[in-house]
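Below is one structure, written out as structure tokens; the observations come after it.
The values are calculated or read from the model by the stated rules, or taken from the named source; none is laboratory data. In this text, all values refer to a predicted model and were calculated from it rather than measured experimentally. FYI the Cβ positions are ideal-geometry reconstructions off the backbone, even for glycines, and counts take in every protein chain you see. Ligands, DNA and RNA are excluded from the accessible area calculation, which covers all protein heavy atoms including side chains. Shrake-Rupley method; radii C 1.70, N 1.55, O 1.52, S 1.80 Å.
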Amino acid sequence: MSILSEAAVTSIPAGNWSIDPAHSTVEFKIKHLGLATVKGRAPVLSGTIVGGKQPSIVGRVDVASLTTFEDTRDEHLRSPDFFDASRHPELSFESTDVYQDGDELVASGLLTIKGASKPVILRGSFVGSETDPWGNERIGVDFETTIDRTDWGLTWNAPLPGGGFLLPDTVTLAASFSAVKAS
């Protein structure tokens, strides 16, 4: 089925799908000083999407690959102040339920950061399916959620001279997955 088809398919097609790290990303955004949005991203290290009657999603990201495209900040993010990459080299998500809510695709599951697993709900969409030029059947899935970073022990902050703090506790996470049907 083409993403250009008139009939909308909103659920993940049956089968096992391997998330393609070259065409999938996890991104985050957070306000800096309450003024500007700083964005970061990481390629997906690995993952699997299962479609059909009991859909599921599992994905992993290498903390060392996180980038905001500013070396000093990226090193700070990998330090014990934030993700502590040397002790906790991966972030992961494992669904406990994946279902349709109208046109929206919802994935409930456990997000693991710094060794702490907490429940989250991802909301998004099944983008579509297509066959690539090499004959591989692919699907696209997008998700987004907002978390309180302090729930995972990401508590570093700096007070501002006029009051308040450098960073808010809320962070928006977004994931865009391209997955290839397993043989």
Item to complete: Could you pull out every residue, at least 5 positions away or on a different chain, whose amide H is within less than 5 Å of the one on D84? Hs are placed 1.01 Å off N in the peptide plane, and Pro or chain starts have none.
Response: S79
Item to complete: Would you tally the net charge around T68, using a Cβ to Cβ cut-off of less than 14 Å, leaving T68 out, and scoring K and R as +1, D and E as -1?
Response: +1
Discussion item. Need one value: the accessible area of L45 in square angstrom, 1.4 angstrom probe, rounded to the nearest 10.
Written reply: 80 Å²
Item to complete: Assuming R0 = 35 Å, can you tell me the calculated FRET efficiency for the pair T170 and Q54, based on Cβ-Cβ distance, to the nearest 0.05?
Response: 0.65
Worksheet item: Rounded to a whole number, what is D in µm²/s for the chain from Stokes-Einstein with the Kirkwood radius over alpha-carbon pairs (10 °C, 1.306 mPa s)?
Response: 91 µm²/s
Worksheet item: Which ³J(HN,Hα) values, rounded to whole Hz and listed in residue order, are derived for the range 100-111 from phi using the Karplus coefficients 6.51, -1.76 and 1.60 in 6.51 cos²θ - 1.76 cosθ + 1.60 with θ = phi - 60°, glycine and proline given as x?
Response: 8, 10, x, 8, 9, 8, 10, 10, 8, x, 9, 9
Item to complete: As a check on your grasp of the helix formula, calculate [θ] at 222 nm for the chain: sum -39500 (n - 2.57) over DSSP H runs of n ≥ 4, divide by the residue count, round to the nearest 500.
Response: -1000 deg cm²/dmol
Response to the item:
Kirkwood radius from Cα pairs of the range 91-176 plugged into Stokes-Einstein at 10 °C, 1.306 mPa s, gives D in µm²/s equal to 104 µm²/s
